[in-house]
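The values are calculated or read from the model by the stated rules, or taken from the named source; none is laboratory data. Small disclaimer: the values here were computed from a predicted structure and weren't measured. Using ideal geometry, Cβ is built from the backbone for each residue, glycine included, and neighbour counts are taken over all protein chains shown. All accessible areas refer to the heavy atoms of the entire protein, side chains included, with ligands and DNA or RNA removed. Shrake-Rupley method; radii C 1.70, N 1.55, O 1.52, S 1.80 Å.
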Amino acid sequence: MNRLTMNKRNPVVLYLAIIAGTGLLAFGIKCIFDPVGLVTGGFTGIAILLKKVTDFFYEGGIPLWFANLALNIPFFLIALKIKGKRFIWRTGCATVLLSVWLYAIPELDFAAGDYILAAVFGGVLVGTAMGIILWADATTGGTEMVALLLQGWLKHYSVAQIMQVLDGLIVIVGMYVFGLRPSMYAIVAIFISSKVMDTILEGMKFSKAAYIITDSYEQIAKQIMEELERGVTGLEAHGMYSGDKKCVLYCVVSKKEIVRLKELVHQNDKNAFVVVGDVREVLGEGFIVP
């Protein structure tokens, strides 16, 4: 676990993160996605659609902040009755803060009509914002709240699956309102934001795990511990083809150390069988200390 995770129990840090995250999210929506018509799902996507559609009736259309708040209120009241105050408190704060930021931030066309810039930079910005908000154990309501409520009746489907359907429908409507081109870029923005969000939540310090099957396991383990200063675990195994008992070495190293580890194995046993895989997060001495 990293230092951010260690601070998750500190309410001051949590709410500062929510304030910062909702501010970044509001900027991305109002100053990047909205001016070029990128509808990326969620209630903010519906808010962008409503603003565009109602612009035919009066100049400017329904403000984003008002639409976001108005759409969320009925679902929060339902969730309050079903789930209770404790469940929606932090998410309620995040939703209100997002609307406040949408109201306070001036209308700017940051991408200046450049769809590529809007999709890439907006996707990174929104993904970062959502990662911060989710890290703080909050959401901004929207389709996630609706999906959570619907899951009570649609028990065969996960919240994520229901959200994908709801957000997909919003993107399809956006295609009819803004056209095919903005919707295609919106899909790119969704993909980028999801990857950035996952990176923030899961961390960027990826490592490598190696399984080493060799007859020279004692010598190789000793060199790994002495030269790389990494721990090695010996796992008892049984070769199904040869029928011989084997000792499989298991070791986790950093990405830059995996090259040296393979060299050590090859120097000691050219016939060694090595399997290398990615490790998303490692807790413990030499890596991230919980």
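Annotations for the structure displayed:
- From the options Pro106, Pro182, residue that is over 22 Å from the mean Cα position of the chain (by Cα) and buried (at least 19 other Cβ atoms within 10 Å of the Cβ): Pro182
- Answer from Gly122, Gly92 - the residue that is open to solvent by less than 40 Å² (accessible area, probe 1.4 Å), within 24 Å of Met197 (Cα to Cα) and at pLDDT 85 or above: Gly122
- Pro35 vs. criteria modelled with pLDDT of 85 or more, part of a loop (DSSP other than H, G, I, E, B) and not β-branched (Val, Ile, Thr): no
- Taking the criterion of being open to solvent by less than 100 Å² (accessible area, probe 1.4 Å) and over 11 Å from Ile220 (Cβ atoms), the residues of the range 253-262 that qualify are Val253, Ser254, Glu257, Ile258, Val259, Arg260.
- Residue in the range 93-108 that is in contact (Cβ under 8 Å) with a residue 40 or more places away in the chain, closer than 25 Å to Met184 by Cβ and not in a helix (DSSP H, G or I) present: yes
- Of all residues in the range 154-177, one or more are modelled with pLDDT of 80 or more, in contact with a Pro (Cβ under 8 Å, 6 or more places away or on another chain), within 18 Å of Gly42 (Cα to Cα) and crowded, with 19+ Cβ neighbours inside 10 Å.
- Leading residue by the ranking (farthest from Val253 (Cα to Cα)) among those in the range 193-211 that are modelled with pLDDT of 85 or more and surrounded by fewer than 19 Cβ atoms within 10 Å (Cβ to Cβ): Tyr211
- The single condition from (1) loosely packed, with under 10 Cβ neighbours inside 10 Å; (2) under 30 Å from Thr199 (Cα atoms) that Lys245 fails is (2).
- Per-region count, the range 34-66, residues aromatic (Phe, Trp, Tyr) and either closer than 19 Å to Phe110 by Cα or touching a Leu at 6+ places or on another chain (Cβ under 7 Å) (or both): 2
- Restricting the range 125-142 to residues that are of a type outside the set (A, V, I, L, M) and open to solvent by 10 Å² or more (accessible area, probe 1.4 Å), the residue that is nearest to Ala17 (Cα to Cα) is Trp135.
- Total residues in the range 68-82, condition more than 25 Å from the chain's Cα centre (by Cα), farther than 14 Å from Leu148 by Cβ and surrounded by 14 or more Cβ atoms within 10 Å (Cβ to Cβ): 1
- Tally, over the range 10-67, of residues that are touching a residue at least 60 places away in the same chain (Cβ under 8 Å) and among the polar types (S, T, N, Q): 3
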